[in-house]
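Heads up: the structure comes next, in structure tokens.
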Amino acid sequence: MDEKLKTELSKQGIFATSLQELYNWGRRSSLWPLNFGLACCAIEMIATTMARYDLARFGAEVFRPSPRQADLMIVAGTVTKKMAPQVVRLYNQMPEPKYVISMGACAISGGPFKQGYNVLKGIDRYIPVDVYIPGCPPRPEALIDAFIMLQKKIDAQQLTGEDRPRHLTAGQPSEFVVPRFGAHDLEPPQNPAVWHAPLVQITKAGTDESRND
Amino acid sequence: MNLETTKSSLEANIPGCRLEIVFNGSPSAQHSLLVDAEHGFAIAAYLKDAPDLRFDFCSNVTGVDWPSKEISAKVKVKKIVDGVESEVEEVQKTRTQGYLEVVYHLFSQELKYGPLPLRMRTEDRDRGVHLPSLTPIWRSAEFQEREVFDLFGVIFDGHPDLRRILMWNAFQDHPMRKDYVDPDDFEYEPTAHDQVLQRASQHRSEAGGR
């Protein structure tokens with residue numbers, strides 16, 4: 001429907017919408033995050049929900065203690081290899097449609113503990129992530145920004161067609177492989193359906209061939 | 001109470017114990033007492049209960065890995081060179097026995113002094129990794145001995161609950177040992193220095209040019 005016509009109609013007291021808009025509005029305006037924190041980022045997440053920053057203004061004040069009642073997982077903090085199967089299991093238990101915010105350097109890539117023997121190099125090795133927030137830890141404003149970004153992402157989703165979200169495609173999985181504890185590492189070390197190593201060619205500093213011209 | 005008198009007091013009261021003062025040349029001058037594993041428990045019990053020592057608080061337990069290393073020393077050897085006997089300098093290389101070490105930091109709350117760093121060494125790094133647990137004496141050592149067991153692989157005999165504490169139970173390595181090889185989960189890192197480059201090329205060749 002034409003946007004101009006729609007605003008004109010609304011001035012006349014007629015409200016026109018589409019099912020898709022209504023559906024997306026409903027999903028984005030009432031996200032229920034999972035009450036779940038792993039490290040210091042969780043403190044910032046708690047601060048975001050409290051009076052000073054007040055995430056409730058954007059429609060996410062209900063932090064649920066059970067994954068069955070939540071649709072947004074904020075992975076806030078370092079994911080250790082010992083904790084990773086539990087994080088994936090919690091994600092699997094959440095009902096569709098569900099979203100993931102990867103909060104902070106650790107949840108994105110392992111952060112300052114990347115080379116640690118017990119640190120997972122980013123939760124996106126096992127579950128699909130919608131929004132990444134860099135920071136160590138990110139400020140509450142950054143989390144709110146990520147939250148609004150997620151709402152915009154939900155708002156732009158199509159109900160039908162090729163690029164519709166995962167939960168509207170019957171064949172797409174809603175559960176992901178829970179890694180097992182192996183003798184030397186988690187098995188598998190990453191889920192190839194979700195993650196593959198970034199294709200980046202690294203060269204020694206100052207020997208980049210493209211700079212020779 | 002200084003370390004010398006503590007040492008002589010221990011030697012007088014625990015027959016057969018072998019003690020050694022490990023000198024610390026840094027400004028802190030925190031010398032430590034090296035104790036043999038055989039008498040470790042008796043020495044610790046004495047340190048806690050003797051009225052003039054009263055080390056009633058163990059604040060910290062940690063592990064150190066000392067892998068075997070090659071020591072080269074110059075030795076003068078008499079040799080016959082061109083029919084004439086003369087002294088020639090030769091470099092002799094010897095390998096030291098590697099071992100694991102556990103360090104306890106002891107304080108006396110009652111007499112208000114400390115710390116006394118207490119060291120114990122294992123025989124080697126493979127099979128002889130047994131040491132007496134001091135948890136029955138200082139309860140605060142329980143979790144930290146579990147941590148040393150987890151990360152270094154020291155087996156504490158007499159520990160009430162010796163399980164891994166940080167890593168999972170099926171894990172087989174000891175990640176704080178110097179020769180620990182972590183699983184190859186290399187990915188791009190922005191700091192392209194020598195070690196990262198070497199790791200990257202190694203990873204690529206193993207993954208088949210990926």
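Throughout, read-outs are computed from the coordinates displayed, never taken from laboratory work. Quantities reported herein were computed from a predicted structural model and do not represent experimental measurements. Neighbour counts are summed over all protein chains in view; Cβ atoms, including those assigned to glycine, are modelled from backbone coordinates with ideal geometry.
Which of A:Ala76, B:Gln109, B:Leu10 sits farthest toward the positive end of the charge dipole of the protein assembly as shown, with +1 on the Cβ of Lys and Arg and -1 on the Cβ of Asp and Glu?
My answer, from the dipole projection, is A:Ala76.
Quick one: putting +1 on the C-beta of Lys and Arg, -1 on the C-beta of Asp and Glu, what dipole do you get for region A:31-212 around its Cα centre, in Debye to the nearest 20?
400 debye
Put +1 on the Cβ of each Lys and Arg and -1 on the Cβ of each Asp and Glu in chain A; which of A:Ile101, A:His196, A:Ala47 then has its Cα farthest toward the positive end of the dipole?
Selected residue: A:Ala47.
Where a Cα-Cα gap under 18 Å defines reach, which aspartates and glutamates qualify for A:Lys11, not counting those fewer than 8 residues away within the same chain?
Result set, ordered by chain and number: A:Asp2, A:Glu3.
Evaluate the relative contact order of region A:31-212 (contact order divided by residue number), counting alpha-carbon pairs under 8 angstrom at least 6 apart; express in whole percent.
So the answer I get is 20 percent.
For A:Arg89 and A:Asp54, what does the FRET efficiency come to when R0 = 45 Å and r is the distance between their Cβ atoms, rounded to the nearest 0.05?
My answer for the efficiency is 0.90.
Neighbour counts of other C-beta atoms within 10 Å: give me A:Thr48, A:Thr169, A:Thr80 arranged from fewest to most.
Ascending Cβ contact count within 10 Å gives the list A:Thr169, A:Thr80, A:Thr48.
Using the Cα centre of region A:1-125 as the reference point, and only Cβ charges (+1 on K/R, -1 on D/E), how large is the resulting charge dipole? Debye, rounded to the nearest 20.
Its charge dipole is roughly 500 debye.
Quick check: from the Cα gyration tensor, does the protein assembly as shown come out rounded (a/c under 1.5), prolate or oblate?
prolate
Hey, quick one: spin label on A:Gln158, modelled 7 Å out along Cα-Cβ, who in region A:164-198 has an amide N within reach, i.e. under 20 Å?
A:164-173
Under the rule of -39500 (n - 2.57) per DSSP H run of 4 or more residues, summed and divided by the residues of the protein assembly as shown, what mean residue ellipticity at 222 nm is obtained, to the nearest 500 deg cm²/dmol?
-7500 deg cm²/dmol, from helical runs alone.
How big is the charge dipole of the protein assembly as shown about its Cα centre, in debye rounded to the nearest 20, if each Lys and Arg gets +1 on its Cβ and each Asp and Glu gets -1 on its Cβ?
The dipole of the protein assembly as shown has a size of about 900 debye.
Take every Cα-Cα pair in chain B and report what % of them are more than 24 Å apart.
58 percent
Report the GluC sites (Glu not before Pro) located in region A:75-183 that are in a DSSP loop and have at most 14 other Cβ atoms inside 10 Å of their Cβ, or state none.
Counting only loop positions with at most 14 other Cβ atoms within 10 Å, the GluC sites (Glu not before Pro) in region A:75-183 are A:Glu162, A:Glu175.
Counting DSSP beta bridges in chain A, what percent are antiparallel, to the nearest 5?
Among the beta bridges of chain A, antiparallel pairing accounts for roughly 25 percent.
P(r) for region A:31-212, please, calculated from all Cα pair distances in 5 Å bins and given in %.
Reading the bins upward from 0: 1, 8, 15, 19, 19, 15, 11, 6, 3, 2, 1, 0.
Set Lys and Arg Cβ to +1 and Asp and Glu Cβ to -1, take the dipole of the protein assembly as shown about its Cα centre, and tell me which of B:Ala45, A:Pro65, B:Val77 lies farthest positive.
It is A:Pro65.
Note down the relative contact order for region A:1-71 as a percent, whole number, built from C-alpha pairs under 8 angstrom at least six residues apart.
34 percent
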